[in-house]
Amino acid sequence: MGGVRAAFAVDAVDHDRRTWAWRVRLGPIVLRLHHEVRADGGGSATRLTMDGPKLMLLAYAPLARLALRRLVRP
């Protein structure tokens with residue numbers, strides 16, 4: 001099965017605040033991501049902050065949005 005392979009590492013986890021930070025490397029390109037999950041009414045909401053080369057962020061954002069929608073539903 002084809003696909004893109006990338007190395008990733010978790011940099012920090014804060015269980016109490018329900019946040020985690022990680023980075024992913026694809027060759028010389030590195031993206032840094034910070035996730036947050038918080039209570040929202042009777043459910044939860046999430047936030048993702050990304051840092052890296054603009055072109056890679058634009059390519060990754062739709063994939064991240066799809067993945068987060070699968071984790072957090074209205």
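The values are calculated or read from the model by the stated rules, or taken from the named source; none is laboratory data. Keep in mind that what you see is a predicted model, and the values were worked out from it rather than measured. All Cβ positions, even for glycine, are placed from backbone atoms using ideal geometry, and neighbour counts span all protein chains on display.
Structure above, values below:
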item	result
Hits in the stretch 51-61 - residues which are modelled with pLDDT of 90 or more and either assigned to a strand (DSSP E or B) or not aliphatic (A, V, I, L, M) (or both)	Asp51, Gly52, Pro53, Lys54
Criterion violated by Leu48 - all others in (1) assigned to a strand (DSSP E or B); (2) of a type outside the set (Ser, Thr, Tyr); (3) in contact (Cβ under 8 Å) with a residue 24 or more places away in the chain satisfied	(3)
